[in-house]
Amino acid sequence: MDRAKITYKGQVTIPKGVREALEIKDGDSVLFIVEKDQALLKPMKRKSLESFYGVLPATKPYPGMELIREEVHKKIGKRIIEKRKR
């Protein structure tokens, strides 16, 4: 068992042994799950977009990166315009 102190700001450093055991690296996030009088720390690993390739079935053929970028830009532009109208 490893121990750590809480700072006056409510921060805690995860001990090195725990980080190594859970393979928590710089930039990873952790999730705190509170159950009654206990808290569970769960690592939330960063995943690259490539790791999601093939997860969902393709419903349409891949249109190409340029068309995808254009569609994203259009939708972002619409959201910006809608926010300005409010």
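Every number here is computed from the coordinates shown, using simple stated rules; none is lab data. Since this is a predicted model, take the numbers as computed values, not measurements. Counting neighbours? That spans all protein chains shown, and the Cβs are built from the backbone with ideal geometry, glycine included.
Largest first and in whole Å, the equivalent-ellipsoid semi-axes of the chain read 40, 21, 13, each the square root of five times a Cα gyration tensor eigenvalue. Axis of helix 65-85 versus longest Cα principal axis of the chain: the two differ by about 80°, to the nearest ten degrees. Just checking the listed ones, PRO15, PRO43, PRO61: in the Gaussian network model of the chain with Cα springs under 10 Å, the one fluctuating most is PRO61.
Each residue of region 5-21 was assigned a 3J(HN,Hα) from its phi angle through the Karplus expression (A = 6.51, B = -1.76, C = 1.60, θ = phi - 60°), giving 9, 8, 7, 5, 8, x, 8, 9, 9, 6, x, 4, x, 5, 4, 5, 5 Hz with x at Gly and Pro. When only alpha carbons are used to place a centre, region 38-86 and region 4-23 end up 32 Å from one another.
Considering only GLY54, GLY27, GLY64, the Gaussian network model of the chain with Cα springs below 10 Å gives its largest mean-square fluctuation to GLY64.
Mean residue ellipticity, 222 nm, helices only, the chain: the sum of -39500 (n - 2.57) across DSSP H runs of n ≥ 4, divided by residue count and rounded to 500, is -10500 deg cm²/dmol.
Rounded to the nearest Hz, the phi-derived 3J(HN,Hα) couplings of region 29-42 under the Karplus curve 6.51 cos²θ - 1.76 cosθ + 1.60 (θ = phi - 60°) are 10, 10, 10, 9, 10, 9, 10, 6, 9, 10, 10, 10, 9, 10, where x marks glycine and proline. Placing a label point 7 Å from the Cα of ARG3 along the Cα-to-Cβ line, the residues of region 35-49 whose backbone N sits under 19 Å from it are 38-39.
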